[in-house]
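Visitor: This is the structure I have questions about; it appears just below.
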Amino acid sequence: MAKKLVTLRIDEHTLQVPEGMLVVDAARKVNVDIPVFCYHPKMDPVGMCRMCLVDVGRPVIDRATGEVVKEADGSPKIAFGPKLDTACTTPVSEGMVVITNSDKVRAARKEVVEFILTSHPLDCPVCDKGGECPLQNLTMAYGPGTSRFIFDEKMHLAKHVPLGELVWLDRERCIQCGRCVRFQHEVVDDPVIDFFHRGRSLEIITDSEPGFDSVFSGNTTDICPVGALTTADFRFGARPWEMVSAASLCSHCPVGCNITYNVRREAKTGGNMVIKRAMPRQNEGVNEIWMCDKGRLGYHFTESKQRLSEPLVRKGGELVPAGWDEALDLVAQKLREAGSSLTVLAGGRLSNEDLFNLRRLADAAGGQAVLDTHMGGGDLAALAVERGAALIVVNPNETRLDKFATHTLRYNPGELLLTFGGFLESAAGKVFAEAENALVFYGSNGLGLQQSTYLAYAAAELLVKTGHYGKANNGLIPVWPKANSQGAWDMGFRPASNLGDQLRQSKAVYIAASDPAGDDPALAAALDEAKFVIVQDLFLSETAKHADVVLPAAAYTEREGSFTSGDRRVQRYYPAATPRGLARPDFIITAQLAGRLGVELPAAAALVLDQIAAQVPAYAGLSYQKLAEVHEQWPIIGRSDVYYGGTGYENKHGLGVQLPCAAERGEKIDLPAAANPVLPSVPAGSLLVIPVARLYDQGATLRPTALLDGRIARAELALNPETAEKFGLQAGGEALIAAGGWRVQVAVRVDSHLPVGLGLVPRSTGVPVFGPTAVTIEPVQVEIKA
């Protein structure tokens, strides 16, 4: 329901805004900037810094009649208060008059800035915030030209305090605005930093182990209005005015966070463009103005010295450098010979353009396009997806969402079928069915391909039965393991029911952005049985070491393209850095191969998307121009003032396009029956273990970020204390787990919140558990040194 509008005047501007809006925000509507330090439009106002003081007048009301008192000319009589008001805590009201630039207001701002500077060091020349510092800018605009305080009267505090390994605190620069603490408490619900002491002795401290244990910690450095908080990644790295920006997307998960890469040319790279930092770019429909630390710090793979820079061809049993023509001619010959016995295996980090050209190449050669994934249901997401409202958590373990949920349902992996089969009969099911809007997020935690596929079909059937499909604010959203898994499904890639057999029976296997041999020893053995293997990747992965030809691909930061997020928003990214050596974009490599097979494929990203729009119904009407469109967003962030919303970037390069679902396109929804998931039998003495996702995994694109080494997930087995005791395991110890021809040593972690009789193993840590698996367990005797 729309809020009532009120009319007010701010300086010479008359405007209408919703009732209850704060004066500081209303002023932004008419381009009047009221300076702030503590206020942030994404957090509750606190009025701590007093920088936003303004003169506020309100209509005089006759107490007897309740009417507005009029002046002689018929205008309302306005009464101003004896003191100034904080614009960040004062809501607008009908007939209000706000004066933001009077002598009285300017004098107050000058005093506030002078007070802040009494204990602030004058080290702007060596401060990382210089050039984009709100305090620096507002001091120049409103502060005194000289100080009445001498150096010895300043507070001298520690200047190099590690809140954790990712964020540093300069206590001397802190102006006690509280933005960082409030962000962690209010926005991300990670209250791991706080205030300590009072008055001029107030300090920011961390009370977690490890320090500042939050995956969103980097955002505090963006909203800090001074140089008190800096990231270890960018600290003393470059000056803002030395860098240029390139709009991009985070490539680490399917959310599709909008980001900006700051780059500059550096002598140590021969004058090539180098990424210096990643910053959030505003998109209120996706990540608002925030980003996680994985996205902020996980770009270092693009600059890794381990990157492939030239084609490699196997000669005499060794991979040796070769020219592009030699490599492509050999690959084209082998693809032609393989014909229908060709398997094209693609990973979900490829762009839509890469995937489309790969699929066209597979079709032209008569081969199969296979997606490397352990999660199913991408075809169903295209039937009924939009944003939603009702929250019911169904999970075998406790989650951080539980406290926000209306209902929380627990199940053992073997009871997933039963849980969904009787869901509508439960109290949670009735809430779901009666909700005006309902949305199902489903993932693959604890599940394999078969189980997640069933889950997707069961969830889709639930949405159809309750009428929550084909309309806005309802639908099904997969939480994919890769950034563009949904795009891969949309381009026609599907997982193989038995990837090992698929690879083993192929005359040629063409693998792009996937490392099956590194994930699973059984798949490494299957690759060895394939007649010819082509790998197109960033690194010489374990799979590449099995290849006959290795083609160096450009990183996504070195070219343009598009991703489709989990909620099927197509978004565009732009080139930021210089390609490594002779590496080429995947879609160009594929186009050049296709040309040798007599098939014409576009070798420009924009032209590939034009063909996608022409051939994939859901993408009809899309173009790079369409993806680059923007509209006004609120709050207004990323302008030159930097003090209002922080140093995040305004979105000038595209908000993306939400794809219509099949129902919206008028297509009939026909849900095939999903095969019931079958769990492996668990022999006596064995344990059922399931895979779970960890944000900081050991994936090839995250390992090069050395700063995260201490937080990367390790190969471990997590157990309930009762289960651990049964198998003779102790917390902090180690164990050997084995199944299906593999045997891996893992650390043991004991957690009383986990179900009895079940083990959890993190994905992408070198343990080949991709779904519910029965394993044998053998305690490892750790030798204790005297």
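The values are calculated or read from the model by the stated rules, or taken from the named source; none is laboratory data. Computed from a prediction, not measured in an experiment: that's the story for all the values here. Reconstructed Cβ throughout: ideal geometry from the backbone, glycine too, with neighbour counts over all protein chains shown. These area figures cover heavy atoms from the full protein model, side chains too; ligands, DNA and RNA do not enter into them. Shrake-Rupley method; radii C 1.70, N 1.55, O 1.52, S 1.80 Å.
Visitor: Can you work out which of the residues in segment 701-741 that are β-branched (Val, Ile, Thr) and touching a helix residue (DSSP H, G or I) at 6+ places or on another chain (Cβ under 6 Å) is nearest to Thr776 (Cα to Cα)?
Guide: Thr701
Visitor: Moving on. With the structure loaded, tell me whether Gly348 is open to solvent by less than 40 Å² (accessible area, probe 1.4 Å), touching a residue at least 60 places away in the same chain (Cβ under 8 Å), out of contact with any Cys (no Cβ under 8 Å at 6 or more places or on another chain) and within 16 Å of Ile534 (Cα to Cα) or whether it fails that test.
Guide: no
Visitor: Quick one: Arg714 ticks every box in (1) farther than 21 Å from Tyr411 by Cβ; (2) in a strand (DSSP E or B); (3) touching a residue at least 40 places away in the same chain (Cβ under 8 Å) except a single one, so which number is it?
Guide: (2)
Visitor: Out of (1) modelled with pLDDT under 90; (2) in contact with a helix residue (DSSP H, G or I) (Cβ under 6 Å, 6 or more places away or on another chain); (3) open to solvent by 20 Å² or more (accessible area, probe 1.4 Å), what's the single condition that is false for Pro495?
Guide: Failing condition for Pro495: (1).
Visitor: So, Glu114, is that one open to solvent by less than 50 Å² (accessible area, probe 1.4 Å) and under 18 Å from Cys49 (Cα atoms) or not?
Guide: Considered against the rule, which asks whether it is open to solvent by less than 50 Å² (accessible area, probe 1.4 Å) and under 18 Å from Cys49 (Cα atoms), Glu114 comes out as yes.
Visitor: Okay, next question. Being over 24 Å from Pro41 (Cα atoms), assigned to a helix (DSSP H, G or I) and of a type in the set (Gly, Ala, Ser) is the requirement here; does Ala107 meet it?
Guide: Yes; evaluated as a whole, the condition is true for this residue.
Visitor: Related question: State the number of residues belonging to segment 731-753 that are in contact (Cβ under 8 Å) with a residue 24 or more places away in the chain, open to solvent by 50 Å² or more (accessible area, probe 1.4 Å) and in a loop (DSSP other than H, G, I, E, B).
Guide: 4
Visitor: Restricting attention to segment 141-168, which residues are surrounded by 11 or more Cβ atoms within 10 Å (Cβ to Cβ), aliphatic (A, V, I, L, M) and either in a loop (DSSP other than H, G, I, E, B) or at pLDDT below 95 (or both)?
Guide: Answer for segment 141-168, where residues must be surrounded by 11 or more Cβ atoms within 10 Å (Cβ to Cβ), aliphatic (A, V, I, L, M) and either in a loop (DSSP other than H, G, I, E, B) or at pLDDT below 95 (or both): Ala141, Met155, Leu157, Leu163, Leu166.
Visitor: Give the residues of segment 211-248 that are β-branched (Val, Ile, Thr), under 23 Å from Arg711 (Cβ atoms) and not in a loop (DSSP other than H, G, I, E, B), sorted by residue number.
Guide: Listed by number, the residues that qualify are Thr220, Thr221, Ile223, Thr230, Thr231.
Visitor: Only one residue in Thr89, Thr100 is more than 30 Å from Asn287 (Cβ to Cβ) and touching a residue at least 60 places away in the same chain (Cβ under 8 Å), so which one is that?
Guide: Thr100
Visitor: Any idea which of Leu622, Leu601, Leu609, Leu655 is touching a residue at least 40 places away in the same chain (Cβ under 8 Å), buried (at least 17 other Cβ atoms within 10 Å of the Cβ) and part of a helix (DSSP H, G or I)?
Guide: Going through Leu622, Leu601, Leu609, Leu655 in turn, just one is touching a residue at least 40 places away in the same chain (Cβ under 8 Å), buried (at least 17 other Cβ atoms within 10 Å of the Cβ) and part of a helix (DSSP H, G or I): Leu609.
Visitor: Do you know which residues across segment 277-288 are more than 20 Å from Thr230 (Cβ to Cβ), in contact with a Lys or Arg (Cβ under 9 Å, 6 or more places away or on another chain) and either open to solvent by 50 Å² or more (accessible area, probe 1.4 Å) or hydrophobic (A, V, I, L, M, F, W, C) (or both)?
Guide: Hits for segment 277-288 are Val286, Glu288.
Visitor: Here's another thing I want to ask about it. Select the helices (runs of 4 or more DSSP H) contained entirely in segment 497-547, then report the ones holding at least 3 residues which are of a type in the set (A, V, I, L, M).
Guide: Correct list: 521-529.
Visitor: Among the numbered criteria (1) in contact (Cβ under 8 Å) with a residue 40 or more places away in the chain; (2) within 27 Å of Cys253 (Cα to Cα); (3) among the aliphatic types (A, V, I, L, M); (4) open to solvent by less than 50 Å² (accessible area, probe 1.4 Å), which one does Leu409 miss?
Guide: (1)
Visitor: Which members of segment 249-276 meet the condition of being of a type outside the set (A, V, I, L, M), under 19 Å from Thr705 (Cα atoms) and open to solvent by less than 20 Å² (accessible area, probe 1.4 Å)?
Guide: Cys250, Thr260, Tyr261, Asn262
Visitor: Let me ask you something else. Going by the conditions given, is Ala591 farther than 30 Å from His468 by Cβ, outside any loop (DSSP other than H, G, I, E, B) and in contact with a helix residue (DSSP H, G or I) (Cβ under 8 Å, 6 or more places away or on another chain)?
Guide: Considered against the rule, which asks whether it is farther than 30 Å from His468 by Cβ, outside any loop (DSSP other than H, G, I, E, B) and in contact with a helix residue (DSSP H, G or I) (Cβ under 8 Å, 6 or more places away or on another chain), Ala591 comes out as yes.
Visitor: Of these, Ile205, Ile175, which one is touching a helix residue (DSSP H, G or I) at 6+ places or on another chain (Cβ under 8 Å) and either modelled with pLDDT under 95 or open to solvent by less than 50 Å² (accessible area, probe 1.4 Å) (or both)?
Guide: None of the other options fit; the residue is Ile175.
Visitor: Continuing with the same structure: Pairs under 6 Å by beta carbon, first residue of a type in the set (A, V, I, L, M, F, W, C) in segment 306-329, partner in a strand (DSSP E or B) and open to solvent by 80 Å² or more (accessible area, probe 1.4 Å), six or more apart or different chains?
Guide: none
Visitor: Show the residue pairs meeting these rules: Cβ distance below 9 Å; 6+ apart or different chains; first residue within segment 446-462 and open to solvent by less than 10 Å² (accessible area, probe 1.4 Å); second residue of a type in the set (D, E, K, R).
Guide: Cβ pairs passing all conditions: Ala456/Asp379.
Visitor: Might you check whether a residue that is under 20 Å from Leu135 (Cα atoms), in contact (Cβ under 8 Å) with a residue 24 or more places away in the chain and acidic (Asp, Glu) occurs anywhere in segment 187-200?
Guide: no
Visitor: Moving on. Tell me yes or no: at least one residue of segment 40-56 is open to solvent by 20 Å² or more (accessible area, probe 1.4 Å) and free of Cβ contacts under 8 Å to residues at least 24 places away in the same chain.
Guide: no
Visitor: Conditions first: (1) under 30 Å from Gly227 (Cβ atoms); (2) open to solvent by 50 Å² or more (accessible area, probe 1.4 Å). Pro635 passes all but one, so which condition is the exception?
Guide: The failed condition is (2).
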